[in-house]
Structures are given as structure tokens and as C-alpha cells.
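Participant: For reference, the structure I am asking about is given below.
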Amino acid sequence: RELAPAGRRALEEAESERARMLRVMELAVTFFEAQVRSDAGAKARAYVEGRGITPPTADRFRIGYAPARWDALQGFLASQKVPLQVAEQVGLVGTNERGRYDFFRDRVMLPVFDRQK
């Protein structure tokens, strides 16, 4: 359900900083998982399989792929209404004199999970 701007703002303010960062990282994992299954992820899938990692194991460990583009993850996060400052804060996006860029490009992604959660 769509929230009015004031309702969305109140919800965002109520969300703790940690929860916000975890939500952004979960969105990134979901994005990378979708990319490894796409046509663009064919080389990454071949690499993972060549290392002896079966598709069920790759799915279990949520192995993904970061596309070669400079702004692929940023575009996805923006479509999810994620402030890019949060993506920068968790280390997914960097900034230089030309602007923001995806920190991870053209690589297999292995998420790290907190076992204490």
C-alpha cells in the first residue's frame, strides 16, 4: 500500500539506523542474486560452477553477481526508494569527484551473514 509522503517520512524516521543498513544490504543481496541468474550473469555462473559449487549450494549461500556497470546497484536501490547515502554508509556505493559509483562491479558476490541475528 502506498503511503502519503508524511506517513513515509514518519516510518523512515522510526526505523533505526541499524535496521536501515540491514534492509539496504538485504536489498543488495537480492539484486545480486537476480543478476547472477540473468543473461549478464552467465560468466559468473560458469565461474561458480567451475569452482565446483553446485546451483543448490550457490542458492543456499545466496551467491550473486555485481554487473559491470557503474550504476546498476544504485539504479535498483533508487527504484526501491533507498537513500543512496545509506548505501554509501554500508560500503556498497562510493563517491569521487565525478559523483557516486557502485563499489562492486563485474564480480561474484558472497554475502556475509551475522550468525548472532
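The values are calculated or read from the model by the stated rules, or taken from the named source; none is laboratory data. Owing to the predicted nature of the structure, the values given are computational and were not obtained by experimental measurement. Virtual Cβ from ideal backbone geometry, glycine too; neighbours counted across all protein chains shown. SASA here: full protein model, heavy atoms, side chains in, ligands and nucleic acids out. Shrake-Rupley method; radii C 1.70, N 1.55, O 1.52, S 1.80 Å.
Participant: Residues of region 1-30 being modelled with pLDDT of 85 or more and among the hydroxyl-bearing types (Ser, Thr, Tyr), which ones?
Facilitator: Thr30
Participant: Can you list the helices (runs of 4 or more DSSP H) found entirely within region 50-110 that contain at least 3 residues being within 11 Å of the chain's Cα centre (by Cα) and surrounded by 17 or more Cβ atoms within 10 Å (Cβ to Cβ)? Don't jump to the end; show me each part of the working.
Facilitator: On the way: elements: 55-60, 72-79, 84-89.
Correct list: 72-79.
Participant: In region 22-49, how many are open to solvent by less than 60 Å² (accessible area, probe 1.4 Å) and among the acidic types (Asp, Glu)?
Facilitator: 1
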